[in-house]
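For reference, the structure I am asking about is given below.
The values are calculated or read from the model by the stated rules, or taken from the named source; none is laboratory data. All values reported here derive from a predicted model rather than from experimental measurement. Cβ: placed from backbone, ideal geometry, glycine included. Neighbour counts: every protein chain shown. Ligands, DNA and RNA are excluded from the accessible area calculation, which covers all protein heavy atoms including side chains. Shrake-Rupley method; radii C 1.70, N 1.55, O 1.52, S 1.80 Å.
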Amino acid sequence: MTRLTPSLVALAAVLGASAASAENSKVVFGTNWLAQAEHGGFYQSVADGTYAACGLDVEIISGGPQVNNRALMLAGRIDYHMGGDLLQAFNAVKEGIPVVAIAGIFQKHPQVIVAHPDVTSWDQLKDKTLLIGDNGFTSYYQWMISAHGFTVEQRQPYTFNPAPFLADTNLGMQGYLSSEPYVVEKEGGFKPNIFLIADNGYSSYATTIETMAATIEEKPEEVKCFVEGSIKGWYNYLYGDNAAANELIKAANPDMSDDKIAFAIDKMLTEGIVDSGDAETMGIGVMTDAVVEDFYAKMVAAGVIDDGLDIKAAYTTEFVGQGLGMDLKPGG
């Protein structure tokens, strides 16, 4: 009997998907960072043949520090891209770039503020010095100032090094739900308190699926297949057997370990990152006009984005919100 190593499991998954999709349309999906559990649903649908079943041969290419997959999509080199939050979509409208968000996989933005255990509420963060990176300062931190009374003065630049935070209980720092809290637990030896900006009113979808307006117009069935395959993949990844998908993730990113993946999946489930709010009744990936308009109004009020944009051009709800895949959830 031959025992499959993790690499052979990953290879078998790839070969199985390839065999099933030999006659299928080839599409390329670019992520916005290195492979990780937060991309799991997409890898799931490659691994288990869900994309292939509806006619697509999907290749996932990773983003990273020196990779701009969104630019590759604008250049016609890839077909779909994993967006960050809706600010990117709004800015595309402002710049006249025909990029459209077609699904919002994360109902909650996974951006957090990480604090020491003595900080037990969002409001108590106002008494701390906060380490916030430049991108965060020009986006969500402006909203924190506008909507919650945080100040410019209490912010210090974050260099993506947690050491200052670990050494000083007067500091809080920005983080990604599954990243900085994990590092603090491992290196600091304590469990930090974390505050999701989403739970305090930052209402943007995140981990969106983007494509070009021309793709929707010219290949609507392909778009439908990719979105619906991704939705099913996320249900199966979160609630089913995700072993083959995790092997693909580790093959694409050797720095990704089993414990990091398990930590991230637990956080996505317990914090309702993917399956909460409207997704509980309308399905994973749902976007609604009400949520998009609410977030846009908040960003205008915070001075982050211009008023008067045609935000309807930034997204479409055509391919989501029909309850697809909910039967794949335990008890569904």
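How big is the gap, in Å, between the Cα center of segment 298-322 and the Cα center of segment 193-235?
After rounding, the separation between the Cα centres reads 14 Å.
If amide hydrogens are placed 1.01 Å from N in the peptide plane, which non-local residues have theirs closer than 5 Å to the one on THR288?
Those lying under 5 Å, H to H, from THR288: there are none.
How about LYS219: which lysines have a C-alpha closer than 26 Å to its C-alpha, ignoring those fewer than 8 places off in the same chain?
LYS26, LYS94, LYS232, LYS312
Going by average Cβ density within 10 Å per residue, which order do the peptides 97-107, 295-305 take, highest to lowest?
Values: 97-107: 23.9, 295-305: 18.5.
Those peptides, ordered most packed to least, come out 97-107, 295-305.
Sticking with this one: If you split all Cα-Cα distances of segment 41-101 into 5 Å bins from zero, what percentages do you get per bin, shortest first?
Bins of 5 Å from zero give 4, 15, 21, 22, 18, 13, 6, 1 percent of pairs.
Pairs of alpha-carbon atoms within less than 8 angstrom and 6+ residues apart define the contacts here; what relative contact order does the chain have, in percent?
On the way: 599 pairs, mean separation 94.9, N = 332.
Computed over the chain, the figure is 29 percent.
What number results when the radius of gyration of segment 53-198, computed over Cα atoms, is divided by 2.2 N^0.38 Å?
Values: Rg = 18.0 Å, N = 146, 2.2 N^0.38 = 14.6 Å.
Taking N as the residue count of segment 53-198, the ratio is 1.23.
Does segment 85-140 come out rounded, prolate or oblate, given a ≥ b ≥ c as the square roots of the eigenvalues of its C-alpha gyration tensor, rounded meaning a/c under 1.5 and, failing that, prolate meaning a/b above b/c? List each step's numbers first, then the result.
Details: a/c = 4.28, a/b = 2.19, b/c = 1.96.
In terms of gyration-tensor shape, prolate.
Which of the residue pairs LYS108/LYS329; LYS186/LYS267; LYS108/LYS298; LYS191/LYS329 have a Cα-Cα distance greater than 27 Å in the structure shown?
Long pairs (Cα-Cα over 27 Å): LYS191/LYS329.
Sum -39500 (n - 2.57) across every DSSP H segment of at least 4 residues in the chain, then divide by the residue count to get the 222 nm mean residue ellipticity, nearest 500. All intermediate terms of the calculation are to be shown ahead of the outcome.
Values: 15 runs with 130 residues, N = 332.
Estimated from H runs of four or more residues: -11000 deg cm²/dmol.
Taking the DSSP beta bridges in segment 96-236 as the whole, what percent of them are antiparallel, to the nearest 5? Each step should come with its number before you reach the end.
Values: 14 of 20 bridges.
For segment 96-236, the DSSP antiparallel bridge percentage is about 70.
At q = 0.31, 0.32 Å⁻¹, what base-10 log of I(q)/I(0) does the Debye formula yield for segment 262-311 when every alpha carbon is treated as an equal point scatterer in vacuo?
Taking Cα atoms of segment 262-311 as identical point scatterers yields -1.05, -1.09.
Give me the 1.4 Å probe accessible area per residue for segment 30-149, excluding ligands and nucleic acids, in Å². Please list the in-between numbers first.
Working: 4260 Å² over 120 residues.
Counting only protein heavy atoms, the per-residue value for segment 30-149 is 36 Å².
Order of 286-294, 64-72, 170-178 by packing, highest average Cβ count within 10 Å first? Can you show the working numbers first?
Numbers: 286-294: 17.2, 64-72: 14.2, 170-178: 21.9.
Ranked from most to least packed, the peptides come out as 170-178, 286-294, 64-72.
What would the Debye equation give as log₁₀ I(q)/I(0) for segment 236-294 at q = 0.22, 0.27 Å⁻¹, counting only Cα atoms as equal point scatterers?
Here log10 of I(q) over I(0) equals -0.91, -1.11.
What per residue convex hull volume, in Å³, do the alpha-carbon atoms of segment 131-232 yield?
Working: hull volume 15.5 nm³, N = 102.
Hull volume over Cα atoms, normalised by residue count, gives 152 Å³.
Working from the pairwise distances between different alpha carbons, so that the mean of 1/r is found and then inverted, what is segment 210-332's Kirkwood radius in Å? It would help to have the intermediate numbers written out before the result.
Values: mean 1/r = 0.0597 Å⁻¹.
16.8 Å is the Kirkwood radius here.
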